[in-house]
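The values are calculated or read from the model by the stated rules, or taken from the named source; none is laboratory data. All values reported here derive from a predicted model rather than from experimental measurement. So basically every Cβ, Gly included, is an ideal-geometry build from the backbone, and we count neighbours across all protein chains shown. Ligands, DNA and RNA are stripped out before the accessible areas are found, and what is left, the full protein with its side chains, is counted by its heavy atoms. Shrake-Rupley method; radii C 1.70, N 1.55, O 1.52, S 1.80 Å.
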Amino acid sequence: MLEKWEVEGLQTVGILLVVCSSLKLMHFLGLIDLSTADSVEDDFELSTVCHRPESMDKLEEQTKFTKKELQVLYRGFKNECPCGVVNEENFKTIYSQFFPQGDSSMYAHFLFEAFDTNKNGSVSFEDFVFGLSIILRGTINDRLNWAFNLYDLNKDGCITKEEMFDIMKSIYDMMGKYTYPTMQDDIPREHVESFFQKMDRNKDGVVTIEEFIESCKKDENIMQSMQLFDNVI
């Protein structure tokens, strides 16, 4: 049987990993020392890539990042994705380096779908920084809306129990059995059931965006995690 803290951890880890895993990706792409960004602007403007991003000034207007922050993000993105975009397989390859103890492929697929807002099978630098801008600089509602979109796998405006189970299962696979050694091979459905019932306040079998946001705002762990990243960069 799972300990109480383990069950509660499963209930919130999916929300928390939206932010934490994105920070891992941002760190991997080089956003660790803004002092290195002084000479990146020319590199941004002159580099020859298959996909040329928007100008720095335009991206600064459209996101909540400064020009210097965008420059550093671009340097890291270009180093890993020289052609200017990343497809799902490359995204999975990059992501697998964060969680070598487990299988991150399914979670990476879900996260890729959330970043690929144009649904064209690739994530551009713009897609990347727009998503990060919401996750790191958006309001609480902005961030929770983005997290809801991750859980809403078929994008029909609500989360089903199966969608929630699929996300939770992908997280367990990614974290690996050694992280939760007392768990069985699969996440017990009754624990997903318990979490789902807490969110499905009107008991109609689906979780709406309103129910999702309301439930998350009442979860102290989730709210604390959101505040931790307010001044990341």
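Odds and ends about this structure:
- In order along region 207-221, phi translates into HN-Hα couplings of 10, 7, 4, 5, 5, 4, 5, 4, 5, 5, 5, 8, 9, 4, 5 Hz, rounded to whole numbers, per the Karplus curve 6.51 cos²θ - 1.76 cosθ + 1.60 with θ = phi - 60° and x for Gly and Pro.
- Relative contact order %, region 79-160, counting alpha carbon pairs below 8 Å whose residues are six or more apart: 25
- Region 73-197 - accessible surface per residue (Å², probe 1.4 Å): 42
- Neighbourhood charge, 11 Å Cβ-Cβ cut-off, centred on residue 116 and excluding it, Lys, Arg +1 and Asp, Glu -1: -2
- Percent RCO, i.e. relative contact order, over region 77-213, from Cα pairs under 8 Å lying at least 6 residues apart: 25
- Whole-Hz ³J(HN,Hα) from phi, Karplus 6.51 cos²θ - 1.76 cosθ + 1.60, for region 65-72, glycine and proline x: 9, 7, 4, 5, 4, 5, 4, 5
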